[in-house]
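Structure first, commentary second.
The values are calculated or read from the model by the stated rules, or taken from the named source; none is laboratory data. Keep in mind the model is a prediction, meaning the values are calculated, not measured. Every residue, glycine as well, gets a Cβ built from its backbone with ideal geometry; the counts of neighbours run over all protein chains shown. Accessible surface is based on the protein model in full, side chains and every heavy atom, while ligands, DNA and RNA are left aside. Shrake-Rupley method; radii C 1.70, N 1.55, O 1.52, S 1.80 Å.
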Amino acid sequence: RAKSEGMGRCAYFSPEVGVETRERTRLLHGLRDAFQHERLFLAYQPQVDLASGRVLGFEALLRWRNDDGTFVPPDRFIPLAEQSGLIVPIGQWVLRSALHVLAVLDREGFPGLRAAVNVSVVQFREPQFVESVDRALADTGMSADRLELEVTESVCVLGQESVAVQLGALTRRGIQVAIDDFGTGFSSLSYLDRLGADRLKIDRSFVQSLEQECGGARIAEMMIALARRLGMRSIAEGIETEAQRQRLAELGCDEGQGYLFGRPMALDDFKAWLKAWQPGIA
Ligand code: C2E
Ligand code: MG
Ligand code: MG
Ligand code: MG
């Protein structure tokens, strides 16, 4: 295409673009290699009932550690994994690992927790997605109601029939669905209603603006009310202060997640956290 723009112009092959592409290719090779050699792992972040402090479950968050001990943040490698399709096998692995951890926690004295797993819209486009979730549940012996799939608003925006059909099949099985980062995209409210999701996940940006004067609390309040009117529960992400927790509880938000309660942790740390956690003293 650069050629068709005429001689002497290299719109698509400027040095910066070349560097950017090479960097992405390098990163993608690294990711594939890390996945193959089991250098990806999961961190577990607690989700709690805001009123009582009771632990409800965890969100599984993907981590990639380099050999030198540095981390590549998910916001950098997840988009690459999506563009390359690598998110499909990686997502499968995340799902199975999270369900397996539920089974481990059941045995080790923390029964009945829920696992929330992030699912990319790319995974939803796979016709065999529902079947692969079924198999993961069967192989780990987990009932469907122990699993929550977090999807972003882009799933709603797409409004694709195939996505709606897959979501319907999942919720009919009793699998829970949460709309992640709610308020940052542009979901159609009527589509949101028809989607039949169980939970609205209020984005961190609204939680952070709670304590500011200019209407941050009003928006959070509106989203919590919207969730209730649509028969969904609400969960706030990125709660860092006791003031935020209290305000959200006052506004009627059901559940929360954030550094105030616990950071995303390796499994052993998460177990220790579960053992030490006392509802009521965040
Ligand atoms: P997300 O699903 O919205 O996850 C919440 C993010 O907020 C996580 O970032 C978490 O570490 C961070 N967080 C939690 N509590 C706090 C807090 O109190 N304060 C602040 N400042 N941050 C908090 P993380 O782990 O970097 O993940 C970023 C995003 O990458 C996730 O956003 C999710 O969209 C994506 N992601 C992570 N794991 C997976 C995965 O297995 N599959 C897919 N498809 N996406 C994933
Ligand atoms: Mg999430
Ligand atoms: Mg989120
Ligand atoms: Mg977010």
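Data for the structure
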| item | result |
| --- | --- |
| Most positive-pole-ward Cα, ALA169, ILE224, LEU260, against dipole of the chain from beta carbon charges | ALA169 |
| Radius of gyration, Dmax [the chain; alpha carbons; angstrom] | 20.3, 70 |
| Overall dimensions of region 32-178 as given by Cα atoms, namely Rg and Dmax in Å | 15.5, 45 |
| Net dipole in debye of the chain [+1 Lys, Arg Cβ; -1 Asp, Glu Cβ; about Cα centre; nearest 20] | 400 debye |
| Computed Rg/Rh of region 96-141, alpha carbon atoms with Kirkwood Rh | 1.05 |
| Mean accessible surface per residue for the chain, computed with a 1.4 Å probe while every protein chain stays in place, in Å² | 51 Å² |
| Accessible-area composition of the chain, carbon plus sulfur, in percent [1.4 Å probe] | 52 percent |
| Region 211-282 versus region 115-167: alpha-carbon centroid distance in Å | 24 Å |
| Most fluctuating residue given options ALA60, ALA197, ALA103, as computed from a GNM of the chain linking Cα atoms under 10 Å | ALA103 |
| Cα-based Rg of region 212-282 normalised by 2.2 N^0.38 Å, two decimals | 1.26 |
| Largest-first ordering by accessible area, 1.4 Å probe, given options TRP93, TRP64 | TRP93, TRP64 |
| Average projected area [Cα convex hull, region 115-261], square nanometres | 8.7 nm² |
| Distance (nanometres) between label positions extended 7 Å along Cα→Cβ at ALA103 and TYR191 | 3.6 nm |
| Spin-label pair GLU23/GLN246, simplified geometry with 7 Å Cα→Cβ offset, distance in nm | 4.4 nm |
| TYR44 accessible area, assembled protein chains, probe 1.4 Å, Å² | 10 Å² |
